[in-house]
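Asker: Next up is a structure, given as structure tokens.
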Amino acid sequence: MNYRIGHGIDVHQFAKNRELWLGGVKLSDEDGLLGHSDADVLTHAVMDALLGALAMGDIGEHFPDNDPKYLGANSKELLVSLWNKIKKDGWVLENLDCTILAQKPKISPYKNAIRESLADAFGVEIERISVKATTTEKLGFVGRTEGIQAEAVVLLRKIDL
Ligand SMILES: [Zn+2]
């Protein structure tokens with residue numbers, strides 16, 4: 001059997017009067033993240049993990065942040081379109097494991113909604129999707145509430161089409 005593993009990481013800084021999107025779920029209208037797209041830091045990390053697994057480069061090459069096409073883009077839609085391409089080549093998602101590093105807001109009330117949203121993007125059961133969250137004990141840029149970091153690991157398996 002043919003397996004590929006990939007890791008992705010992304011960081012965005014907080015900005016006033018921006019929506020906060022994580023994994024395709026909207027958490028807030030006030031303290032969002034700065035970015036050319038909707039700045040969904042978790043979805044970006046997941047996309048980079050997928051690209052990494054298949055040695056396809058990184059998200060900046062596929063979705064340049066100076067391309068007007070992606071201004072205000074819905075990152076979950078970009079993830080779905082990327083996944084559909086990968087799926088066509090015969091890859092299935094074994095599992096996805098994510099970690100959100102955020103001092104604020106509290107992520108735990110949203111964890112299940114985020115899992116559901118990512119399971120929906122991949123068209124898989126929620127059991128294949130893990131979403132964890134941690135603060136950094138007030139250390140570093142995350143701890144100073146300057147931004148949010150997200151990391152993701154994916155395992156893909158090739159099937160015979
Ligand atoms: Zn990003």
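Asker: Could you order PHE14, PHE122 so the one with the most accessible surface comes first? Probe is 1.4 Å.
Answerer: Values: PHE14 35, PHE122 5 Å².
Listed by decreasing accessible area, they come as PHE14, PHE122.
Asker: May I pose another question? Classify the stretch 62-119 as rounded, prolate or oblate, taking a ≥ b ≥ c as the square roots of the eigenvalues of its Cα gyration tensor: rounded when a/c is under 1.5, otherwise prolate if a/b is larger than b/c and oblate if not.
Answerer: Details: a/c = 2.51, a/b = 1.21, b/c = 2.08.
Oblate is the answer for the stretch 62-119, as a/c is 1.5 or above yet b/c matches or exceeds a/b.
Asker: Further, regarding this structure: Keeping all protein chains in the complex and leaving out DNA, RNA and ligands, what accessible area do you get for ARG18 with a 1.4 Å probe, in Å² to the nearest 10?
Answerer: Counting only protein heavy atoms, the figure is 60 Å².
Asker: Also: So how strong a dipole does the chain carry about its Cα centre when Lys and Arg Cβ are +1 and Asp and Glu Cβ are -1, to the nearest 20 debye? Don't jump to the answer; show the numbers that get you there.
Answerer: Working: 19 positive and 24 negative charges, 49 e Å.
Roughly 240 debye, rounded to the nearest 20.
Asker: How much of the accessible area of the stretch 16-59, probe 1.4 Å, is carbon plus sulfur, in whole percent? Could you put the intermediate results ahead of the total?
Answerer: Values: 760 of 1570 Å².
Summing carbon and sulfur atoms, their accessible area is 48 percent of the total for the stretch 16-59.
Asker: Provide the descending list of Cα extents for the chain along its principal axes, expressed in whole angstroms.
Answerer: The principal-axis extents, from largest down, are 47, 34, 24 Å.
Asker: Something else about it: In whole Hz and in residue order, list the ³J(HN,Hα) couplings for the stretch 52-57 that follow from phi through the Karplus curve 6.51 cos²θ - 1.76 cosθ + 1.60, θ = phi - 60°; x for Gly and Pro.
Answerer: x, 4, 9, 6, 9, x
Asker: Right, next: Once phi is turned into θ = phi - 60°, what whole-Hz ³J(HN,Hα) does the Karplus curve with 6.51, -1.76 and 1.60 give for every residue of the stretch 131-145, x standing for Gly and Pro?
Answerer: So the Karplus estimates, Gly and Pro as x, are 10, 10, 9, 8, 8, 10, 6, 6, 9, x, 5, 5, x, 7, 6 Hz.
Asker: With a 10 Å cut-off between alpha carbons and a GNM built on the chain, which of GLU116, GLU125, GLU19 moves the most?
Answerer: Judging by the Gaussian network model, the answer is GLU125.
Asker: Leaving out ligands and nucleic acids, note down the accessible area per residue over the stretch 3-141 with a 1.4 angstrom probe, in whole Å².
Answerer: The answer is 51 Å² per residue.
Asker: Right, next: Please work out the Cα center distance from the stretch 1-74 to the stretch 107-161, rounded to the nearest Å.
Answerer: Answer, in whole Å: 12.
Asker: Shifting gears a bit: Of all DSSP beta bridges in the stretch 85-161, what percent run antiparallel (nearest 5)?
Answerer: 60
Asker: Where Rh denotes the Kirkwood radius from the mean inverse Cα pair distance, what is Rg over Rh for the stretch 1-67? Don't skip to the answer; put the middle values down first.
Answerer: On the way: Rg = 13.5 Å, Rh = 12.7 Å.
Answer for the stretch 1-67: 1.06.
Asker: Same structure again: When you count, for each residue, the other Cβ atoms within 10 Å and take the mean per peptide, how do 136-149, 46-59, 75-88 rank with the highest first?
Answerer: 46-59, 75-88, 136-149
Asker: What does the helix-only formula give at 222 nm for the chain: each DSSP H stretch with n ≥ 4 adding -39500 (n - 2.57), the total divided by the residues, and the result rounded to the nearest 500 deg cm²/dmol?
Answerer: Computed mean residue ellipticity for the chain: -8500 deg cm²/dmol.
The values are calculated or read from the model by the stated rules, or taken from the named source; none is laboratory data. Computed from a predicted model, the values in this text were never measured in an experiment. Note that each Cβ is placed from the backbone with ideal geometry, even for glycine, and that neighbours are counted across all protein chains shown. Note: accessible area is taken over every heavy atom of the protein model, side chains too, but ligands, DNA and RNA are not part of it. Shrake-Rupley method; radii C 1.70, N 1.55, O 1.52, S 1.80 Å.
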